[in-house]
Amino acid sequence: MAVTDHVDLNTFVEGVKKRNPGQPEFVQAVTEVAEDIFDFIEDKEQYHEAQILRRIAEPDRVISFRVCWQDDKGNIRVQRAWRVQNNNAIGPYKGGIRFHPSVTESVLKFLAFEQTFKNALTGLPMGGGKGGSNFNPKGKSDGEVMRFCQSMMTELYRYIGADIDVPAGDIGVGAREIGYLFGQYKRISNEFTGVLTGKGLEYGGSLIRTEATGYGATYFLQNMLATKGQTLEGKTAVISGSGNVATHAAEKVTQLGGKVLTLSDSAGFIHDPDGLTQEKIDWVKELKTVRRGRISDYADHFTGASFHPGKTPWGVPCDVALPCATQNELLGVDAEMLIKNGCIAVSEGANMPTNLDGVHIFKKAKILFAPGKAANAGGVAVSGLEMSQNSARISWKEEELQRLLLDIMAGIHSRCQEYGTDSSGYCDYVKGANIAGFKKVADAMLAYGVV
Ligand code: NDP
Ligand code: 2IT
């Protein structure tokens, strides 16, 4: 067959920008992936000819809808919500739902795009999707959150299903919200299926799903350190966020002998030079999931700790860092500061927390740097195991699930090494993750022909 014309990286990125105006997060995520994929496919005509990257970077569909709900005072409130179904070449669409005022179509498209590669990396049969709303759960009563979730599911249920699209939690969506969403799905469809993951243990949830993302990001860090003959024992760690991912990363780092110095939320960070203990981490979990308070309270409660309003924690000297809050929370200047202060490894618990400048700086300095699509895949991996358990109507034991999570994270680490290691032995984990994730999805798409 004749070799077809193919565009270069710059033309491709310009095209993505032009077709997605006002969507900087989406353009950023596609650019980062394209930088690596263009190298990889340079001599692989079949991927160019079938326009594979161009197709993965165009969601299968974006469903956009209005969600009306009534607040406790009787006011009618109107939110926007979306489900982005990016790609189902290797399995049903799969990915979380985010409730945060910063949610836009661009944010969800970037997350669904990233999820496609992440899910492929897990080795489990899951496509990529993401959903969410600009609803702000902060300061809302349980009743308000319930009414919002019910109203959202009343529209969303048409587009999802155990073999179609399986949402889960993300920022602002935890056990409480999944309960309300699942309850409404069951009520209006009259079906009890594994349509959501992250469910409560009483109604089809899996053991260790809550812990899986933070634990997985720490296991990935452990795997990276092991390539340098190092462990977490005695290492200082700086962590951002104080939600599901951050608190469980802090727990695992502490269990493995590391000393966690910081946590944060959108108002600032706390610095505890004595290090977090299990008791302190449990206190934060209770603060965030039951009392729904602010991390600044930590500094009032524990002596020796300080609160730094409006700041991120990257200036605190550390051996390892785990950004676990949100996208673009670690900038080029922060990356430089971390390196200057002697940080040797960064494992992204959040999705795209490091901006493009920061990624380039980490790569250039050749420190151990794990992108979110590899490091935080433990969460969706255990979601995949929850789907399997639901289909088989069984529940696996905790030891079995712990072993599977460790195995899956080690598997992702070796897939990154396979595609990311250069002749000098340096592993570019970003490149490795992008290529390994791309290859699996791309080869399935090639098999389907033009669809
Ligand atoms: P949570 O809602 O449990 O916690 C989010 C944390 O991040 C809170 O401390 C929150 O602070 C902070 N945060 C949120 N938005 C911002 C912002 N714009 N600026 C500063 N801080 C912010 O969410 P998760 O822990 O579940 O998610 C954290 C990250 O991990 C996200 O990037 C998510 O996509 C990713 N992730 C989550 C997975 C999961 O299984 N839950 C799986 C894989 C990735 P505040 O309370 O002030 O808003
Ligand atoms: O970003 C993510 O991987 C998640 N929020 C978890 C998705 C899932 O389906 O468990």
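Points worth noting:
- Breaking point among (1) within 16 Å of ligand 2 (Cβ to nearest atom); (2) farther than 20 Å from ASN86 by Cβ; (3) not aromatic (Phe, Trp, Tyr), for SER141: (1)
- Cβ-Cβ contacts under 7 Å between residues 6 or more apart (or on different chains), taken from a first residue in the range 202-228 that is in a loop (DSSP other than H, G, I, E, B) to a second residue that is of a type in the set (Gly, Ala, Ser) and buried (at least 24 other Cβ atoms within 10 Å of the Cβ), are listed as GLY205/GLY198.
- Residues in the range 297-311 that are in contact (Cβ under 8 Å) with a residue 40 or more places away in the chain and either of a type in the set (D, E, K, R) or closer than 22 Å to TYR215 by Cα (or both): LYS311 alone.
- Residue check, LEU261 without any contact (Cβ under 8 Å) to a residue 60 or more places away in the chain, within 26 Å of CYS427 (Cβ to Cβ), away from ligand 2 (no atom under 16 Å from the Cβ) and of a type outside the set (Ser, Thr, Tyr): no
- Of the residues in the range 228-237, none is within 19 Å of the chain's Cα centre (by Cα) and buried (at least 24 other Cβ atoms within 10 Å of the Cβ).
- Checklist (1) crowded, with 24+ Cβ neighbours inside 10 Å; (2) of a type in the set (S, T, N, Q); (3) more than 16 Å from ligand 1 (Cβ to nearest atom) applied to GLN184, failing item: (1)
- Qualifying positions in the range 356-379 - aliphatic (A, V, I, L, M) and either closer than 17 Å to LEU124 by Cβ or within 11 Å of ligand 2 (Cβ to nearest atom) (or both): ALA374, ALA375, ALA377
- Of the numbered criteria (1) within 25 Å of GLN255 (Cβ to Cβ); (2) away from ligand 2 (no atom under 14 Å from the Cβ), the one GLY205 fails is (2).
- So GLY411, is it under 11 Å from ILE208 (Cα atoms) and touching a residue at least 60 places away in the same chain (Cβ under 8 Å): no
- When GLY128, GLY123 are screened for being under 25 Å from ASN88 (Cα atoms) and within 16 Å of ligand 1 (Cβ to nearest atom), only GLY128 passes.
- The residues of the range 226-252 that are touching a strand residue (DSSP E or B) at 6+ places or on another chain (Cβ under 9 Å), over 14 Å from ASP282 (Cα atoms) and of a type in the set (A, V, I, L, M, F, W, C), listed by number, are LEU232, ALA237, VAL238, ILE239.
- Tabulated pairs, the range 146-166, first under 13 Å from LYS186 (Cβ atoms) and within 16 Å of ligand 1 (Cβ to nearest atom), second β-branched (Val, Ile, Thr) and part of a helix (DSSP H, G or I), C-beta under 9 angstrom, 6+ apart or interchain: CYS149/ILE178
- Pair list, Cβ under 7 Å, 6 or more apart: the range 49-66 residue farther than 16 Å from LEU156 by Cα, other residue part of a strand (DSSP E or B) and modelled with pLDDT of 95 or more: ILE56/ASN87; PRO59/VAL84; PRO59/GLN85; PRO59/ASN86; ASP60/GLN85; ASP60/ASN86; ASP60/ASN87
- You will find that of ARG176, ARG187, the residue that is assigned to a helix (DSSP H, G or I), without any contact (Cβ under 8 Å) to a residue 12 or more places away in the chain and closer than 22 Å to ARG77 by Cβ is ARG187 and no other.
- Among residues of the range 99-126, those that are of a type in the set (Gly, Ala, Ser), touching a residue at least 60 places away in the same chain (Cβ under 8 Å) and crowded, with 24+ Cβ neighbours inside 10 Å, counted: 1
- Only one of the numbered conditions (1) within 12 Å of ligand 2 (Cβ to nearest atom); (2) in contact with a His (Cβ under 7 Å, 6 or more places away or on another chain); (3) not basic (Lys, Arg) is violated by PHE220, and that is (1).
- Here GLU202 clears all of (1) under 23 Å from LEU405 (Cβ atoms); (2) more than 13 Å from ligand 1 (Cβ to nearest atom); (3) crowded, with 23+ Cβ neighbours inside 10 Å except the condition numbered (3).
The values are calculated or read from the model by the stated rules, or taken from the named source; none is laboratory data. Just so it is clear, the model here is predicted, and its values are computed rather than measured. Cβ sites come from the backbone with ideal geometry, for glycine too, and all protein chains shown count toward neighbours.
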